[in-house]
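Asker: I have a structure I would like to understand better, so I am pasting it below and will then ask my questions one at a time.
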Amino acid sequence: MSPTATSKSNGRYDAIVIGGGHNGLVTAAYLARAGKKVVVLERRPLVGGAAVTEEVVPGFKFSVFSYVVSLLRPEIIRDLDLPAHGLQILPLESTVTPLDNGDYLAGWADADETRREIARHSPRDAEAASQFGRLMHHMAMAVKPILGMVPPDPASLAPSDLRGLMKLGGHFRSLGAERFHALFKLMTMSSADYLDEWYEFDPLKATKSASGIIGTFLGPRSPGSAYVLLHHYMGEIDGAFRAWGFQKGGTGAISESIASAAKSFGAEVRTDAAVARVLVRDGRATGVALANGDELSAPIVVSGLDPRRTFVDLVESKELPDDLVSSIANFRFRGSSGKVNLALDALPNFSFLKDNGGYRSPLMANALRGAVSISPSLQYLERAYDDAKYGEFSRHPYMDIVIPSMIDPGMAPPGKHVMSIFVQYAPYNLNGGWTDEKREAFGDAVIDTLERYAPNIRSVIRHRQVLTPADIERITGLSEGNIFQGELALHQLFFLRPAPAWAKYRTPVKGYWQCGAGTHPGGGIMGASGRLAALEILARGA
Amino acid sequence: MLKTTPFHVRTAPLVRAQTWRRWAGYQVASAYDPHPDREYAAVRNAAALFDVSPLYKYLIRGRDAARLLDRMVTRDVTKCAVGQILYTPWCDAHGKVIDDGTVSRLDDTTYRLTSAEPNIRWLAMNGVGMDVTIEEVSARTAALALQGPLSRTILQQLTPADVGKLKYFRLVQTTVRDIPVTISRTGYTGDLGYELWVDAERAVALWDALMACGESFGITPAGIWALDLARIEAGLVMLDVDYYSAHHALIEDQKSFPEEINLAWTVNLDKGPYNGRRALRKARAGKQAWAFVGIEVNWESLERLHAARGLPPHLPNVAWRASAPVYRDGEQIGYATSGCWSPLLKRSLALAHIQAPHYEPGTRVEIEVTVEHHREQADAVVRKLPFYDPERKRA
């Protein structure tokens, strides 16, 4: 379908969604489901934003950026009937952390097997783990209603805001003092300090703290990192998942399932359709101008892009109040992670798996169907952060490794494999800037580190794709390569995401809305921002 | 002491949590992992390998073999071509279901019948005066079910037969790595899948061949827990769980017409005389009193009931097999007999017997759930079976 031909013949819509990332698609699906005539405009040739699957080498499919899922809101799965459109989540059951002494620490799907494994290293920690799990369950339950609500503005006296604040106040009172205090600590402490209160075995603390630094320019000892820990725990408590999972066909298949649902409700999805700017007349959005010069009109324009693109690139600053302009200028992106995707001719021989030629335990036969976490100690992670703090990529980075072809054989030819390596830290603002040489040096650091644990890795690599934050920004459009459309730091959450007074998906330009992860609650393949934005648009009109 | 199947030497070391169960006097795995998540995922994503050897198997041979089976079952066996398989129930003289299974025509005068319970006496009674031999081969013939989207791909590496052309409910007698096997395009998962029938002495070799070749395609040994999830999604009825055999029922209410367990499609009222035909014709003429349908439990309702006690809904990872009353406007109109949280569809499902006129798809009902020791009623909707029916099953 030629976008030009369609736009000339039919340029009027009820709503235009800019950006075919998963949140934009969710917004489009909900608006179309409510009867609106919707078009999604995606700059790239495929939908998904950071949730895309691409066959970079023939036969080898990479979840190029985002690679696992657990947070996708169950109400979205139900409302849009995503399983009927291809959503199929496969279990990713374990995490193994190789230790420097050749041993390993594993977390398995079964509680008894995990307890016994932790007890091998620390009997106290094994006992603490189940209680810690219970606390995190309560914390996630405490935060869950907030994920599903449009953030009330605490500085506003509007009845809807006051009602929201009352509801929130009531909710926190109902937690009881003990849990409220625990939640407050979780919101303010560093993940290292928080975990120190529970555990003694350092690699265990390091591995758990790792989920507190993902996508954020913080180290495990930085205050505020404990919250991100909780953010990643959220998917385990309700509705759809028991743990992290892997989408059949890669994360791109999630985006495609949402796009398919949106189309089934009548939405139009256009690819290769970059938007140049939002058309504004008398303080009101009237449509968009595409990069090719075409114009589409609609009384509702929704940006699924990040706050910088939404407020700086797509509209002129004269349309916005000064305080919003400065808030957005101060909004922190600071991409801190990169991605290395490998096409492999064979499985790497991770040395922690075997001992004298045989598996160290029968369970190790399944270990590569789960994640491998390169997080041997808190000091290792903090050192990795130190490099980034001073403008270098980590010489020995934290890595979260999965081998999708072990879970879904369709990801690679028979007997071959793909490996997804999430790497932190790789600062967007690298000293001297990112160049091709720096990218390859970063890739080398990742492979060097991996080689310590899988000595044959170099000999099995058929192709290596290295993505720096600069590449992530260039390809997906995510500013500074931040995977959450802006850091999940306390000062950028809830009624402050993306800016005070503009956290309710609306913007100062009438009819112009935001629905990306840069709005509450943001981050991960969650879809909550997209859904809340759509519900708010439908409730408040244009 | 329970018997073990011919695959036991291979399966036993894999059952990590010793989660064994009994099936027809045999010891089989509920799951190999402590939980069936990965085994179930293999059914829908790659290929799961089930040991289904405990099925009862009979060889019926002779000039009257077709006559005997046609007299016994509700489908028309005289139309069953060589290489074809019929899934069918069989009934007593009152049209009430005794058992269900498959009839495979191996050659002109040889059939294999599978069943959930022993049927040798029933076969003999039906074969009085016929030129037929009935032989039980349950122990001699081992069976594996290879189920999942990649099952065909795996078999194509291993057998000279054109598995790609083997149609749904057809069989081929061939070899797998030189081991003589019968491969049938059948299964109990509602997915693309095959069953492999092999002499017990060659069972282990067959297992090894499949596992070695299947490794690159994600082959996963799977137990009954995974099978149960798949068969509920596929809406397949199970004897002694969803219905009782007319031979074992203690009261009339425990017996079912085929149409009452969603098997109306298997009842041929026009073919020659067979057990229960008269009663089935009469039943068909009247109003169907009960139907076996799907029930989808409303998630928001479950969530509300749990939230009232400060809990999130629990997602069980195995199916339940219990009786749960089903209501409509406060009055009991039926009962569910099994159910599960569908990992694929992300819905809470049940199979239920519902009385007329409440069994129409879309009917809003309530199902009893126990929340923190309290009996509650969750909102639910009657659904047409199966819940899940991928094209690849028949394609």
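Asker: Using just the helices of chain A, give the 222 nm mean residue ellipticity in deg cm²/dmol: DSSP H runs with n ≥ 4 each add -39,500 (n - 2.57), and the total is spread over all residues, rounded to 500.
Answerer: So the calculated ellipticity at 222 nm is -11000 deg cm²/dmol.
Asker: Just flag the trypsin sites (Lys or Arg not before Pro) in the range B:1-98 sitting in loop per DSSP whose Cβ has no more than 14 other Cβ atoms within 10 Å.
Answerer: B:63
Asker: If amide H atoms are built 1.01 Å from N in the plane of the peptide, which residues on other chains or at least 5 residues away come under 5 Å of the amide H of residue B:290?
Answerer: Sorted by chain and number, the residues that satisfy this are B:356.
Asker: Can you tell me which of B:301, B:348, B:115 moves the most in a GNM of chain B? Springs connect C-alpha atoms under 10 Å apart.
Answerer: Taking springs between Cα atoms under 10 Å, the residue moving most is B:301.
Asker: Hey, what did chain A get for relative contact order, percent, Cα under 8 Å, at least 6 apart?
Answerer: 24
Asker: Modelling each spin label as a point 7 Å along the Cα-to-Cβ direction, I'd like the residue B:136/residue A:354 distance in nm, to one decimal.
Answerer: Spacing of the two 7 Å Cα→Cβ label points: 4.7 nm.
Asker: Given +1 on the Cβ of Lys and Arg, -1 on the Cβ of Asp and Glu, and no further charges, what dipole in debye does the range B:158-247 carry about its Cα centre, rounded to the nearest 20?
Answerer: 360
Asker: Across peptide B:341-350, how many C-beta atoms of other chains are within 10 Å of each residue C-beta, on average?
Answerer: What the average comes to for B:341-350 is 4.
Asker: Please compute the modelled spin-label separation between residue B:240 and residue B:24, points set 7 Å along Cα→Cβ, answer in nm with one decimal.
Answerer: 1.1
Asker: Can you pull the mean other chain C-beta count within 10 Å for peptide B:35-46?
Answerer: Taking all residues of B:35-46 together, the mean is 5.
Asker: Something else about it: With the contact rule set at Cα under 8 Å and sequence spacing of 6 or more, what percent relative contact order holds for chain B?
Answerer: Once divided by the residue count of chain B, the mean separation gives 17 percent.
Asker: To continue, here is another question. Each label point is 7 Å from the Cα along the Cα-to-Cβ direction; what then is the distance between the points at residue A:184 and residue A:200, in nm?
Answerer: 3.0
Asker: Hey, got the dipole for chain A? About the Cα centre, +1 on K and R Cβ, -1 on D and E Cβ, debye to the nearest 20?
Answerer: It comes to approximately 1280 debye.
Asker: Let me ask something else. Over the range B:320-395, what relative contact order in percent results from Cα pairs under 8 Å that are six or more residues apart?
Answerer: Once divided by the residue count of the range B:320-395, the mean separation gives 24 percent.
Asker: Taking a cut-off of 20 Å between Cα atoms, list the aspartates and glutamates near residue A:144, but don't count ones fewer than 8 places away on the same chain.
Answerer: A:75, A:79, A:153, A:161, A:178, A:236, A:238, A:487, A:536, B:300, B:303
Asker: Ranked from highest to lowest mean number of other Cβ atoms within 10 Å per residue, what is the order of the peptides A:411-421, A:315-325?
Answerer: For the peptides A:411-421, A:315-325, the packing ranking is A:411-421, A:315-325.
Asker: Ok, one more. In the protein assembly as shown, with Lys and Arg counted as +1 and Asp and Glu as -1 at Cβ, which of these residues, A:210, A:76, B:130, has the Cα nearest the positive end of the dipole, that is, farthest along it?
Answerer: B:130
Asker: Output the 0 to 90 degree angle, nearest 10, between the alpha-carbon long axis of helix A:177-188 and the longest principal axis computed from the alpha carbons of chain A.
Answerer: For helix A:177-188, the angle is close to 90 degrees.
Asker: Shifting gears a bit: Where does helix A:436-453 land angle-wise versus the long Cα axis of chain A, in degrees 0 to 90, nearest 10?
Answerer: Once rounded, the angle reads 40 degrees.
Asker: Can I ask one more? Let me spell out the model: positive unit charges on the Cβ of Lys and Arg, negative unit charges on the Cβ of Asp and Glu, origin at the Cα centre of the protein assembly as shown. What dipole size does that give, in debye rounded to 20?
Answerer: Rounded to the nearest 20 debye, it is 1820 debye.
Asker: Right, here's the next one. Return the aspartates and glutamates within reach of residue B:271: Cα separation strictly under 15 angstrom, same-chain partners fewer than 8 residues apart disregarded; answer none if there are no such residues.
Answerer: B:70, B:76
Asker: Putting +1 on Lys and Arg Cβ atoms and -1 on Asp and Glu Cβ atoms, find which of B:295, B:116, B:174 reaches farthest to the positive end of the dipole of chain B.
Answerer: About the Cα centre, the residue reaching furthest to the positive side is B:174.
Asker: Using the count of nearby Cβ atoms within 10 Å as a rough guide to exposure, how do A:301, A:446 rank from fewest to most?
Answerer: Exposure proxy ranking, most exposed first: A:446, A:301.
Asker: Hey, how many Å between the Cα centroid of the range B:99-121 and the Cα centroid of the range A:20-73?
Answerer: So the separation of the two Cα centres works out to 50 Å.
Asker: How do the peptides B:375-386, A:467-478 rank, highest first, by the average count of neighbouring beta carbon atoms within 10 Å per residue?
Answerer: Result, highest mean first: A:467-478, B:375-386.
Asker: If r is the Cβ-Cβ distance from residue A:158 to residue A:313 and R0 is 25 Å, what FRET efficiency results, to the nearest 0.05?
Answerer: The computed FRET efficiency comes out at 0.25.
Asker: Additional query: Per residue of B:10-18, count partner chain C-beta atoms within 10 Å of its C-beta, then hand back the mean as an integer.
Answerer: Mean partner-chain Cβ count within 10 Å for B:10-18: 1.
Asker: So for chain A, taking the charge dipole from beta-carbon charges (+1 Lys/Arg, -1 Asp/Glu), which of A:517, A:47, A:300 sits furthest toward the positive end?
Answerer: Of the candidates, A:300 comes out farthest on the positive side.
Asker: Find how many whole Å separate the alpha carbon centroid of the range B:48-89 from the alpha carbon centroid of the range B:173-236.
Answerer: If you average the Cα positions of each part, the centres end up 19 Å apart.
Asker: What does the net charge come to around residue B:359 if you take all other residues with beta carbon closer than 13 Å to its beta carbon, with K and R at +1 and D and E at -1?
Answerer: +2
Asker: Given the peptides B:102-108, A:380-386, A:512-518, A:212-218, arrange them by the average over their residues of other C-beta atoms within 10 Å, most packed first.
Answerer: Packing proxy ranking, top to bottom: A:512-518, A:212-218, A:380-386, B:102-108.
Asker: A follow-up question, please. Any chance you could give the angle, 0 to 90 degrees and rounded to 10, that helix A:378-389 forms with the longest Cα principal axis of chain A?
Answerer: Helix A:378-389 and the main axis of chain A meet at about 40 degrees.
Throughout, read-outs are computed from the coordinates displayed, never taken from laboratory work. For clarity, every value in this text was computed on a predicted model and none was experimentally measured. Cβ: placed from backbone, ideal geometry, glycine included. Neighbour counts: every protein chain shown.
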